[in-house]
Amino acid sequence: MNRCIKYILFSLYVICSSFGVFAQTQYDYHLEAARATGIPPIKNQAHVTSLVNKKKLVLIFAGKGYNIARLTHSRPYLNPRSYKALKEIGAAFYTRSRKTVTVTSVTRTLYDQRRLSRVNSNAVTSKLSSHNYGCSFDISYIRFNRRKAPDARLEKILQDILTQMQRQRKIYFIKEYREKCFHVTVR
């Protein structure tokens, strides 16, 4: 293939990816990983309680290197593997920066998903979200140490940690530009 064609193809890829054209394809991996957890889409709070009683979901708390924002459209539960990954991300971030990141969304019931779709167009109701399975969480890349203050250096540290964990096949992640967060799904 000659250089001109390679350049055109590369340019198309860059343009398409910057407009999110490939985001749905990336998100398919998140849904596939979510379905593989064995947890069905979580319907409501009673379903959450049932999964907690079966030890398929655990209540999460702030930890080393991360805190949890006030959750308005999700619930502070994850499956045990996802909670372990969140702790690993937080600890790695703290080790490299001596700062904390903020988790802005965790597990959503189908009811939560419908409510959220009214205010966030990323939360499509026609399809399930990996958040509905208790294996995904969002980490803000503009909130550090409980303050909303973009910091390119801290954002890069966080993205480097996520990239490393994705290469290790522990997680998938997508950078969401509208919501200013990294959407993380544990594999």
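Each value in this text was obtained by applying a stated rule to the coordinates, not by laboratory testing. Please read all numbers here as calculations on a predicted model, not as lab measurements. All Cβ positions, glycine included, derive from the backbone under ideal geometry; neighbour counts span all protein chains shown.
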Mean Cβ neighbour count within 10 Å, used as a protection proxy, ranking 76-85, 26-35, 42-51 highest first: 76-85, 26-35, 42-51
Interchain or sequence-distant (5+) residues whose placed amide H lies within less than 5 Å of the amide H of residue 176 are 181, 182, 183
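Let me check I have the definition right: for segment 22-186, take the eigenvalues of the Cα gyration tensor, multiply each by 5, take square roots. What are those semi-axes in whole Å, largest first? Write out the running numbers ahead of the final one.
Details: eigenvalues 109, 58, 49 Å².
Here the semi-axes work out to 23, 17, 16 Å.
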Provide the packing ranking of 128-141, 61-74, i.e. peptides ordered by the mean count of other C-beta atoms within 10 Å per residue, highest first. 128-141, 61-74
Using alpha-carbon positions, what is the distance between the centroids of segment 131-166 and segment 43-81, in Å? 18
Subtracting the Cα-Cα distance of residue 152 and residue 81 from 0.36 nm times their residue separation yields 22.7 nm
Tally Lys and Arg at +1 and Asp and Glu at -1 over the other residues with C-beta under 12 Å from the C-beta of residue 179: what net charge comes out? +2
Could you pull out every residue, at least 5 positions away or on a different chain, whose amide H is within less than 5 Å of the one on residue 78? Hs are placed 1.01 Å off N in the peptide plane, and Pro or chain starts have none. 58, 60
